[in-house]
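The values are calculated or read from the model by the stated rules, or taken from the named source; none is laboratory data. These numbers come from a predicted model, not from an experiment. Note: ideal-geometry Cβ built from the backbone for every residue, glycine included; neighbour counts use all protein chains shown. The accessibility values were calculated without ligands, DNA or RNA, using every heavy atom of the protein model including side chains. Shrake-Rupley method; radii C 1.70, N 1.55, O 1.52, S 1.80 Å.
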Amino acid sequence: MHIDYSAQSDTAARLHGNPAYAALVEQHDDVDRRIVRIENGLERPDGLSLAALKLRRSGLREDLARQQRKARGECCNCGNHCDG
């Protein structure tokens, strides 16, 4: 599954220069590629199990969505009803 990291143009512009966001994107893509390789039998799940990798990917997706919401000036779902 591919994630569209560039939501709206102004949001994308704000996130483009954010090194933390770029690192999250890279981590997500690395984990996602590893999951696909394991599922296709091209790689053995050394260290982390497939289930653990999928949980990691899910957490990274949540982190990316949180950063996108913050960049749009919305609540990041931290529970404090913030404005980004």
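Worth a mention:
- Calculated on alpha-carbon atoms, Rg and Dmax of region 20-61 in Å: 10.3, 32
- With every protein chain in place and a 1.4 angstrom probe, the accessible-area ranking of His16, His28, largest first, reads His16, His28.
- Qualifying GluC sites (Glu not before Pro) in region 25-84, where qualification requires a DSSP coil assignment and no more than 15 other C-beta atoms within 10 Å, comprise Glu43, Glu74.
- For Asp29, net neighbour charge (Lys/Arg +1, Asp/Glu -1) across residues whose Cβ lies under 12 Å away: +1
- Nearest-10 value in Å² for the accessible area of Cys76, using the 1.4 Å probe: 10 Å²
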